[in-house]
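Beneath this line is the structure, given in structure tokens, with notes to follow.
Where a number appears in this text, it was derived from the coordinates with a stated rule and is not lab data. Because the structure is a prediction, the values reported are computed rather than measured. Quick reminder, even Gly has a Cβ in these numbers, built from the backbone with ideal geometry, and neighbours come from all protein chains shown.
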Amino acid sequence: NAGVTQTPKFQVLKTGQSMTLQCAQDMNHNSMYWYRQDPGMGLRLIYYSASEGTTDKGEVPNGYNVSRLNKREFSLRLESAAPSQTSVYFCASSGAWTGNYGYTFGSGTRLTVV
Amino acid sequence: DAKTTQPNSMESNEEEPVHLPCNHSTISGTDYIHWYRQLPSQGPEYVIHGLTSNVNNRMASLAIAEDRKSSTLILHRATLRDAAVYYCILLSGNQFYFGTGTSLTVIP
């Protein structure tokens with residue numbers, strides 16, 4: 001089925017470890033996004049890529065880096081994980097960086113930092 | 001950032017219509033109004049969006065006030081599968097602000 005695929009689905013890290021969350025979409029969308037969701041809260045934008053070759057900070061970028069590898073793939077890297085980064089991470093994509101396109105979300109990566 | 005205000009929770013009986021309200025008094029002229037829903041342990045799912053005119057699709061209807069400071073998501077006939085958290089969102093500049101949403105309970 002067409003959509004957004006995230007890997008891994010679950011991950012436990014020790015404080016200070018690094019890891020990369022992978023995201024791929026097969027809908028030929030131009031724009032991709034990374035969000036985090038903490039318990040009982042809405043989603044907060046970490047980084048986004050309006051189009052291939054561009055990335056920009058969102059609301060909560062500290063402690064993260066991103067790479068738009070190609071049009072399909074957008075990865076999120078935690079260089080030195082901290083317990084405050086324990087969260088559920090969602091990747092999303094949309095046709096374009098305007099308000100007139102709905103977002104398609106992945107099923108999420110549940111990350112625990114101990 | 002433009003923000004939205006929604007009730008924390010609502011209940012509806014199965015097979016009855018549901019009207020989910022959203023206030024967005026600081027909306028700007030170019031902000032689109034989006035609605036998403038999220039089931040437990042899943043990613044948000046797109047429901048509907050609009051700019052100024054009312055919108056209908058297979059899932060729901062979106063009614064937008066004339067001054068655009070509020071909107072209402074209408075589920076015409078609630079089913080148990082509609083039980084979810086519903087987010088009203090404004091696409092504003094480079095942010096896509098999610099509030100805490102409305103948790104909808106559907107009573108059999």
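Annotations
- Residues of the stretch B:50-82 classified as in contact (Cβ under 8 Å) with a residue 40 or more places away in the chain and more than 11 Å from the chain's Cα centre (by Cα), total: 8
- B:Ser28 surrounded by fewer than 21 Cβ atoms within 10 Å (Cβ to Cβ) and within 11 Å of the chain's Cα centre (by Cα): no
- Options A:Thr109, A:Thr98, A:Thr54, A:Thr104; residue that is within 23 Å of B:Gln38 (Cα to Cα), loosely packed, with under 14 Cβ neighbours inside 10 Å and within 14 Å of chain B (Cβ to nearest Cβ): A:Thr98
- Where A:Arg77 falls short, out of the listed (1) touching a residue at least 40 places away in the same chain (Cβ under 8 Å); (2) more than 26 Å from A:Thr112 (Cβ to Cβ): (2)
- Within the stretch A:72-96, if we keep just the residues that are in a loop (DSSP other than H, G, I, E, B) and more than 16 Å from the chain's Cα centre (by Cα), the residue that is farthest from B:Val47 (Cα to Cα) turns out to be A:Ser80.
- Unmet requirement for B:Asn23, which otherwise passes all of (1) surrounded by 17 or more Cβ atoms within 10 Å (Cβ to Cβ); (2) more than 14 Å from chain A (Cβ to nearest Cβ): (1)
- Qualifying residue in the stretch B:4-11 (condition: without any contact (Cβ under 8 Å) to a residue 60 or more places away in the chain, within 15 Å of B:Ser70 (Cβ to Cβ) and within 11 Å of the chain's Cα centre (by Cα)): no
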